[in-house]
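The values are calculated or read from the model by the stated rules, or taken from the named source; none is laboratory data. This is a predicted model, so every value here is computed, not measured. Cβ coordinates were reconstructed from backbone atoms using ideal geometry, including for glycine residues, and neighbour counts include every protein chain displayed. Keep in mind that these areas ignore ligands, DNA and RNA; they rest on the heavy atoms of the full protein, side chains included. Shrake-Rupley method; radii C 1.70, N 1.55, O 1.52, S 1.80 Å.
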Amino acid sequence: QGATELYVTSSDPAAPLEEGVRAGCRLVHARDMLWMERELRNLLADTGAVSLVPLERSRGGAWLTLHNECFFDMPNSATYGPRDLERALSSGCDCGFAYWNDIPVGVYELELSQELPEVEGIALCKDFRGKGLGRSLLAAVLAHLSDSGYRRCRLLVATDNVNAFGLYRSMGFKAAGVQSQWFQMLAE
């Protein structure tokens, strides 16, 4: 159907996949989807470079456009649409814009309906990456969660998303478990 790469994962913990040849295909480990957690005390000082502006319905279209632009080239990302916007505006979510010098440069997305809040996503527009703003955005999100009374948070990251994975580790997140392992399927 035009696919250039195929990936597989097992949802059955009793039958995990592993590298090797299966059914005429070679499986090569590509990435883990890793749960990471961090306590929200002893936060690193935020430079204040990035400020968070909560999402309001009247700015929903702008948030969707910016979200899709920011996540366009990220592993495992999907294009957001109207249903995603409704979820982002729901009571269990806290989403919004990341501003730098009065310019919207990114987005944040927090899931608050579970006991442990989840940083579902933070991202910057391509033109604003590599300037230390990702570190400032994450620090602002962590401070926001702490100010909201949370003591710990978690996130899910693909281990091959080198920039995000490195940022999270450098900001004190520790591995808490593997959600899934992904293997590339290659013709044998």
- Task: For R152, enumerate residues with amide H under 5 Å from its amide H, sequence gap 5+ or separate chain, H modeled in the peptide plane.
- Result: L40
- Item | Among (1) 11.3; (2) 12.7; (3) 15.1, the entry that matches mean projected area of the Cα convex hull in nm² as calculated here | (2)
- Item | Residues with amide H under 5 Å from that of M171, placed H, sequence gap 5 or more | none
- Task: Using 0.36 nm per residue of separation minus the Cα-Cα distance, give me the extension gain between Q179 and R57 in nm, one decimal.
- Result: 40.7 nm
- Item | Accessible-area value, L137, 1.4 Å probe, nucleic acids and ligands omitted, Å² | 0
- Cα-based Rg of segment 1-63 normalised by 2.2 N^0.38 Å, two decimals: 2.00
- In terms of the charge dipole of segment 1-135, which places +1 on Lys and Arg and -1 on Asp and Glu at the beta carbon, the residue among W63, C125, A45 farthest towards the positive end is C125
- Query: Expressed as a whole percentage, what fraction of the accessible surface of the chain belongs to carbon and sulfur atoms when a 1.4 Å probe is rolled over the protein heavy atoms?
  - Reply: 50
- Task: List the residues whose amide H sits under 5 Å from the amide H of R31, counting only those 5 or more places along or on another chain, with H placed 1.01 Å from N in the peptide plane.
- Result: W182
- Message: Which residue, M185, F173, L145, has the largest displacement toward the positive end of the dipole of segment 133-188 when charges sit on each Cβ (Lys, Arg +1; Asp, Glu -1)?
- Response: L145
- Message: Could you derive backbone 3J(HN,Hα) for segment 97-106 from the dihedral phi with the Karplus parameters 6.51, -1.76 and 1.60 (θ = phi - 60°), listing whole Hz in sequence and x where the residue is Gly or Pro?
- Response: 9, 9, 10, 9, 6, 6, 10, x, 10, x
